[in-house]
1. Ignoring the sites themselves, what is the longest stretch of the chain with no GluC sites (Glu not before Pro) in a DSSP loop and at most 13 other beta-carbon atoms within 10 Å?
2. When DSSP assigns beta bridges and you keep just the ones with both residues in the range 188-282, what percent turn out antiparallel, to the nearest 5?
3. Taking 0.36 nm per residue of separation and subtracting the Cα-Cα distance, what length does fully extending TRP31 through GLU110 add?
4. Dipole size in debye (nearest 20) for the chain around its Cα centre, Lys and Arg Cβ +1, Asp and Glu Cβ -1?
5. Multiplying the sequence separation of ILE247 and ASN123 by 0.36 nm and subtracting their Cα-Cα distance, what value in nm do you get?
6. Placing +1 on the Cβ of each Lys and Arg and -1 on the Cβ of each Asp and Glu in the chain, which of LEU143, LEU69, SER188 has its Cα farthest towards the positive end of the resulting dipole?
7. Mind checking which lysines have their C-alpha under 17 Å from LYS113, skipping anything on the same chain fewer than 8 residues away?
8. Spin-label point model (7 Å from Cα, Cβ direction): what's the THR177 to LYS203 distance in nm?
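Please treat every number below as a calculation from the coordinates, not as lab data. These figures come from a predicted structure and were not determined experimentally. Virtual Cβ from ideal backbone geometry, glycine too; neighbours counted across all protein chains shown.
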Amino acid sequence: MKKVSILLIIAIILSSSLSFASISDKLENHWSDSQINRAFVAYYFPYLSRDSFAKFEPDGDISEQDFILSIASLFKDLGYDISLDGSPADVSREQMVNILATRLKDVGMELGKDTNLPFKDINTMSNDSIELLRLLYSNNIILGDSNTSFNPSRNLTQAESIIILQRVKGVLERMNTIIFKTLGIVQSYNNQEEIIIKEEPDKLLVTITKEFPTPGYSMTVNKILKERGSYRVYFDITPPPADSVQIQVITYKTLTLEIDKNQLNGGPYNFKLDGFNSIITN
C-alpha cells in the first residue's frame with residue numbers, strides 16, 4: 001500500500017511538472033511570460049489548464065462566461081459571494097471593464113490616488129464605462145495597451161485576463177488585510193482548542209489556542225483577511241525536524257493578537273480558523 005501511495009505521489013508531481021512545462025512552452029518569448037503565475041492559471045482558469053493546457057493560447061480570445069467563472073471563483077475564495085451569468089461570446093476589453101469594475105465597486109473598492117486616465121482612444125465608451133475604467137486604472141489593475149491607448153473594442157486575450165485577475169487578487173487582499181500585533185505565545189499541556197475574544201474600548205484581544213501532538217511544533221499568524229461578515233486567520237505552522245526526538249504528549253500553543261477596532265466593522269466578531277475547531281467567546 002505504501003509503495004502504491006508513493007508511486008501515485010510521484011505520478012502527480014510528474015504530471016504537474018509536465019503540465020507547467022506545457023504552458024511554459026506556449027509562453028516562451030511572450031510578453032506575459034514573467035507575469036503569469038502558473039499555479040494561479042491552473043486554479044482559477046481550469047478550462048484552460050485541462051489536458052496539459054491544451055486550450056491555453058496567450059493571445060487567444062476568452063469567452064464572457066469563462067471569464068465570469070474565473071471572477072466568481074476568485075471572489076468566492078476571498079469571501080465574496082457573487083452570482084453572474086455570461087454568454088459564450090468572446091469578451092471585449094470594454095466589456096471586461098464593465099463586468100469586473102462593477103463587481104469591485106459592489107465589494108467596496110474605491111478610487112485610488114491617480115484618477116487621470118491617459119488613454120486617447122476611449123471616446124467611444126459610455127461615461128459609465130469610463131468611470132469604471134478609472135476605478136481599475138487608479139488601482140493599478142488596468143495599465144492599457146500602451147501609455148496612451150486602451151483599445152476598448154479589441155477582444156480581451158487569455159494572457160490579459162489572467163494578469164488582470166492576478167492584480168485583482170492582490171488589491172483585494174491588501175484592501176481586506178487586518179493589521180495586528182502578536183502580544184505573546186505560551187505553551188501548556190491541559191487546555192482546549194478555542195478562540196477567546198476580549199473587547200476593549202479601542203482594541204480587540206483575540207486569544208487563540210491550538211492543539212499539537214508534540215511540543216516541537218511552532219505556530220504564528222501569517223495574516224488576517226476581512227471576509228463578508230467574518231475575519232479569516234491564516235497560520236504558519238512548522239512541524240519539528242524529522243530527525244528530532246519529541247515526547248509524544250498533547251501540547252497546546254496559545255497566542256494573543258491585538259487588533260485596533262477601527263479596522264473592524266463592529267460586533268459581533270466572527271473569526272474563522274482553518275484546520276481546527278473553534279469556540280468563540282465574546
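1. 111-282
2. Within the range 188-282, antiparallel bridges account for around 85 percent of the total.
3. That pair, TRP31 and GLU110, stretches by 25.5 nm at full extension.
4. So the magnitude is around 680 debye.
5. Between ILE247 and ASN123, full extension yields an extra 37.5 nm.
6. Going by the charge dipole, the pick is SER188.
7. Excluding near neighbours in sequence, the set is LYS105.
8. Inter-label distance under the simple model: 2.1 nm.
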